[in-house]
Amino acid sequence: MNAESIIDALGSHLEALRSVANWGVLLALAVWWASVRQQDEIELGPLKVRRSDAMPIAAAGYFLANVGVLVLFARIDSLLRLLPDDSFVEGYSKLATGSWLMNPYAMLGPGFVAQISCAASIGLLICSWWACFSSLALMTPNRSFARAVVWWAPGLSYLFGLASLGLLYRTYLLNKERLGRLAPTLMQDFHVTAIWRWVGIGVGMVAGFVVFVFAWRWRRKYQSDGRESVQVRSAG
């Protein structure tokens, strides 16, 4: 396997990550929008699905998407390890300069704005996971099932998140070791970016949990408003 093919594969795997993540975010936004407008149906392009019917489909979709993300992270790590020393910096640059807004490998230089941008990338990725799991609580009108979602969704989200961070950290150690040998100047920028990236991870976790709590409170308000509307109609 030649280095050019490996570098091309790195780019295609990053694009696959983009597609999976964007799909999850778009579905979550559709659910949130339906909730804000207090609609019982969720519109997904030409399809209209009742919120309660969409819940198991979305839950399975999110689960498979997270498994797919883990596999893609593992493959990217494996591809980087296949690169010979004379092509490693080029392969790393392919990942680091990808245009995807939530690119967890982003590294755009030593400038302050560049560092914040890279931190925001991984922070937004983590927050998007929470937005996806939060949308599950908004899909079902059943209180007991929604309460169950509140208990297992955060744990499952953190499980996938920690597994993904573990794979990203494994890749980070690889990049740190090889860039330290092959490109000392680039390694200095890499080190500063890594510090800000941990800040982004922390902020993303906190912001994501806030999103989840907001979703749960909004669902309770929506359900309460729905019961009041039914009572008014019955009284009339």
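Miscellaneous remarks
Conditions (1) of a type in the set (Val, Ile, Thr); (2) under 16 Å from Tyr172 (Cβ atoms), marked per residue:
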{"position": "Ser93", "(1), (2)": "no, yes"}
{"position": "Thr97", "(1), (2)": "yes, no"}
{"position": "Pro104", "(1), (2)": "no, yes"}
{"position": "Met107", "(1), (2)": "no, yes"}
{"position": "Gly111", "(1), (2)": "no, no"}
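- When Gly109, Gly98, Gly123, Gly155 are checked against the criterion of being under 23 Å from Leu17 (Cα atoms), modelled with pLDDT under 80 and out of contact with any Phe, Trp or Tyr (no Cβ under 6 Å at 6 or more places or on another chain), a single residue qualifies: Gly155.
- Residue among Ala65, Ala54 that alone is at pLDDT 70 or above, among the small types (Gly, Ala, Ser) and at negative phi: Ala65
- Residue in the range 28-39 that is farthest from Gly208 (Cα to Cα), counting only those that are surrounded by 12 or more Cβ atoms within 10 Å (Cβ to Cβ) and modelled with pLDDT under 70: Gln39
- Qualifying residue in the range 131-151 (condition: outside any helix (DSSP H, G or I), farther than 18 Å from Gly61 by Cα and at pLDDT below 85): yes
- Boolean, Tyr169 is modelled with pLDDT under 85, farther than 22 Å from Phe112 by Cβ, under 23 Å from the mean Cα position of the chain (by Cα) and among the aromatic types (Phe, Trp, Tyr): no
- Some residue of the range 96-105 being surrounded by 19 or more Cβ atoms within 10 Å (Cβ to Cβ), among the aromatic types (Phe, Trp, Tyr) and in a helix (DSSP H, G or I): no
The values are calculated or read from the model by the stated rules, or taken from the named source; none is laboratory data. What you see is a predicted model; the values in this text were computed from it and never measured. Quick reminder, even Gly has a Cβ in these numbers, built from the backbone with ideal geometry, and neighbours come from all protein chains shown.
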